[in-house]
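Novice: Sharing a structure here in structure tokens format.
What follows is calculated from the coordinates using simple rules that are stated; it is not laboratory data. In this text the structure is predicted, and so the values were computed from the model without any measurement. Positions of Cβ are backbone-derived with ideal geometry, glycine not excepted, and every protein chain shown enters the neighbour counts.
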Amino acid sequence: MAKSRSNLATEALSDILDTHENFEDDVATNEEDSIDANAFLNDDLLTHAKIKNSLVGNLTDLKKGFSKVILQTTQEMTVDDFGLIHNGFIFGSAEYAAVASINEENVVVIGCRSKFLAPAKLGDIIEFEAKGRFEEARKREIKVVGKINEIKVFEGIFQAILLENHILKTTIRDLQANFNPKDFQR
């Protein structure tokens, strides 16, 4: 018998929170515990400190050059009565995964080539994995893949730059000195 969408979502969220097989009793079972589990990773995150996770997803894995974000689609993200999710939320979650994988305070996305490969609908759980490249350079390239179960729904290559100061405290002259679009061309 097929499982309901809500049962699949509950199981997927449980799997995310269950990181230690030997400590199943410690798995978060209510919303408050889930928020605390995500707050731990957010404490390690050096960028996007005030982002609204209900719109871009929750950071579930963070390593040097790698991050994982899980987006639970909600009614607020839909565009019609069929429950189609607006691609802006999918892109926002992918961008969040990209900057998290760099995990530097003044990282700024300056470009992206992306593809939306399949639609998402209300109740879907989208898992984004981001892998950064050029770890020692100021200019970075990050590949992000988003999947619903094993179906790829998003793929993008983000270009980012690390600035010395916050983007809103940076002059145009400083940006031009640090940014050369040819650095990202293949």
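Novice: What trypsin sites (Lys or Arg not before Pro) in segment 57-152 are in a loop by DSSP, with at most 16 other Cβ atoms within 10 Å of the Cβ?
Specialist: Details: sites: 63, 64, 68, 113, 115, 121, 131, 133, 138, 139, 140, 143, 147, 152; in loops: 64, 138.
The qualifying sites are 64, 138.
Novice: Where the Cα atoms of segment 85-160 are projected onto their three principal axes, how long is each span, largest first, in whole Å?
Specialist: 38, 20, 18
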